[in-house]
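Data first, discussion second: the structure below is written as structure tokens.
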Amino acid sequence: MENILELRDVCKKYEGFELSNVSFNVPKGSIMGFVGENGAGKSTTIRAILDMITIDSGEIKIFGKSNKQDNLRQDIGVVLDENHFPNSLKVKQINNMLKNIYDNWNEQTFYYYIDKFNLPKDKKISTYSRGMNMKLSLAIALSYSAKLLVLDEPTGGLDPVVRNEILDEFLDFMQDEEKGILISSHITSDLEKVADYITYINNGKIVLVENKDTIIYEYGVVRATKEQLDSIDKSLIICKRETPQSIECLIKNKEEFKEAYPEIVVDNANLEDVMVLLNKGK
């Protein structure tokens, strides 16, 4: 399968934090959900992908080329968790600026999204809420025929109705199977709706890269007593966490587990369960 984005052993060291051998791919025609708690390294990884920081070692390729090539910027739509435009600008001024920057800038498409997202054209963006700034950034990212979207918390600060509208836009974008999306989000329910794959980063290291449907349909959570845990084949357990009430275990192949241990209850696992157990478990 051809990849639209590739990271190979990417390292970046700061005082008190380090990205360590970060590796994952975003295949063409897919949405990769990028998850991890605050400070885990998601934003640092995204900035490395966009060549906003210089990595210490490793390799990043976009469309099979080094991410340092300037001409790639025309094909990457970016939504970061902060606004990078002067607060004095209005929508018309932003349009006039960007049509001189992007070769494929589509003014009609831009104003279509401005109207669709109910963004005021006659107000300075300094008056925009965080959610409105997110929608403005997304309108820009969708207006110049980008092939890869890199999105850092794009639905943060938005109400559920608008979030669903934006998720639908991502799915529409992916009708072209030559495109791809990397989306970082704390809202795991959003990723469960749209993502094809999940990459989980913890403390600067990639802990899990998995097909989303595999997590939803094959992973499970077992809550067992110590006596029950002693009877379980340890090769079936990915990680475990002890609580005052019981021992929680993350397992794969839950149907196989149910057949082997019919007396032990297995619950379905969602992305939040997987993140918590991989983070807190052993």
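The values are calculated or read from the model by the stated rules, or taken from the named source; none is laboratory data. Fair warning: this is a prediction, and the values are worked out from it, not measured in the lab. Quick reminder, even Gly has a Cβ in these numbers, built from the backbone with ideal geometry, and neighbours come from all protein chains shown.
Just a few scattered comments:
- Total residues in the stretch 135-165, condition farther than 18 Å from residue 76 by Cα and in a helix (DSSP H, G or I): 6
- From the options 125, 166, 140, residue that is of a type in the set (Val, Ile, Thr), in the same structural domain as residue 183 (by TED's automatic domain parsing), surrounded by 14 or more Cβ atoms within 10 Å (Cβ to Cβ) and in contact (Cβ under 8 Å) with a residue 60 or more places away in the chain: 140
- The set of residues from the stretch 93-117 being closer than 25 Å to residue 160 by Cα and either among the β-branched types (Val, Ile, Thr) or under 25 Å from the mean Cα position of the chain (by Cα) (or both) comprises 109, 110, 113, 114, 116, 117.
- The numbered conditions (1) surrounded by fewer than 15 Cβ atoms within 10 Å (Cβ to Cβ); (2) part of a loop (DSSP other than H, G, I, E, B) are all true for residue 217 except (2).
- Total residues in the stretch 21-43 satisfying the condition of being modelled with pLDDT of 95 or more, over 19 Å from residue 174 (Cβ atoms) and crowded, with 17+ Cβ neighbours inside 10 Å: the figure is 1.
- Residues that are part of a loop (DSSP other than H, G, I, E, B) and under 15 Å from residue 8 (Cβ atoms) within the stretch 25-62 comprise 55, 56, listed in sequence order.
- Residue among 168, 115 that alone is out of contact with any helix residue (DSSP H, G or I) (no Cβ under 7 Å at 6 or more places or on another chain), under 18 Å from residue 90 (Cβ atoms), at pLDDT 90 or above and not in a loop (DSSP other than H, G, I, E, B): 115
- In the stretch 143-163, the residues that are touching a residue at least 24 places away in the same chain (Cβ under 8 Å), among the aliphatic types (A, V, I, L, M) and more than 13 Å from residue 187 (Cβ to Cβ): 146, 148, 149, 150
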